[in-house]
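Readers should treat all values here as calculations from the given coordinates under stated rules, not as data from a laboratory. Computed from a prediction, not measured in an experiment: that's the story for all the values here. A quick note on method: Cβ atoms are made from the backbone with ideal geometry, for glycine too, and the neighbour counts reach across all protein chains shown.
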Amino acid sequence: MYDPLELAERVERAVIHGERRKYYRFRAAKFYGGIATADAVGCNLRCIFCWSGNVVWHPEKSGAFYSPEEVAQNLRKTAAGKGYHQVRVSGGEPTIGRGHLIALLEHLNREFLFILETNGILLGADRTYVEELSAFPNIHVRVCLKGCTAEEFSRLTGARSGFEYQMKSLEYLRDMHVSFNVALVSMKKEKGELFSRLLDMGLGNIMMEEERIMLYPSVRRRLEQAGMLEYFMDE
């Protein structure tokens, strides 16, 4: 098992050079009704259901470095070609490389809604990160919880810890009045324990979505080997 904070530091050394970050593609996507997407390289989790696979897990072998301005230009160009008003960073974990992300938001300013798709761990580990993000009124944060409990988190990600950082990120986003919602990947049919905890946090009305797991061949093989495929067959 691994520590996601330590892994984030190692990944950052591979995907960040100054303010430049590694990305492997820019594309238009149909999610959220249409969104320009920059797919980043590298993540601080090793989720067994990850669709990005090697691109995320072996950052030294994939992608190219782009400055925040270059990423903003690519997103702007993609959005203009489709008439989109939303942009995002997907693929890897966009909170790795804090300086790059903040600079990217500054270059995009308020012309787009920026949807930050994150596992929330680095946000939950450092309240000041959320404080810095809260300065941007055009941001919406989508925190994907990996399981309903710390035990399920570890089973799905292989990490020995991290779930409490995910929950802490929700607390900080709430306190900083940042727009956010929760996505959830879980093998559990009964999710009462998580829902009760969200209620205790004053988040009973927070929008929650079930994260859809795409059973690509590599994902299916991993889930089969781990004896988890049956839990995701309805996805």
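The trypsin sites (Lys or Arg not before Pro) of the range 119-203 that meet both conditions, a loop assignment by DSSP and at most 11 other Cβ atoms within 10 Å of the site Cβ, are LYS189.
For the pair ASP175 and ALA135, a Förster radius of 22 Å applied to the C-beta separation gives a FRET efficiency near 0.90, rounded to the nearest 0.05. Residues ASP126, ASP39, ASP3, ranked from the fewest to the most other C-beta atoms within 10 Å, line up as ASP3, ASP126, ASP39.
Within the range 65-117, the trypsin sites (Lys or Arg not before Pro) that combine a DSSP coil assignment with at most 13 other C-beta atoms in a 10 angstrom radius are ARG110. Once Rg and the Kirkwood radius are both taken over the C-alpha atoms of the range 1-136, their ratio Rg/Rh works out to 0.94. The label point for MET1 and the one for ALA150, both projected 7 Å from the Cα toward the Cβ, are 0.9 nm apart. Dividing the helix sum by the residues of the chain, where each DSSP H run of 4 or more adds -39500 (n - 2.57), gives a mean residue ellipticity at 222 nm of -11500 deg cm²/dmol. Straight-line cross-link reach from LYS189 at under 25 Å between alpha-carbon atoms covers these lysines, not counting any fewer than eight positions away in the same chain: LYS146, LYS168.
The HN-Hα couplings worked out from phi for the range 76-90 by the Karplus form 6.51 cos²θ - 1.76 cosθ + 1.60 (θ = phi - 60°) are 4, 5, 5, 5, 5, x, 10, x, 7, 10, 10, 9, 7, 10, 10 Hz, whole numbers, x standing for Gly and Pro. Of all lysines in the structure, those lying under 18 Å Cα to Cα from LYS61, and not within fewer than 8 positions of it along the same chain, are LYS22.
The simple spin-label model puts a point 7 Å past each Cα toward its Cβ; for ARG127 and ARG46 those points are separated by 3.3 nm.
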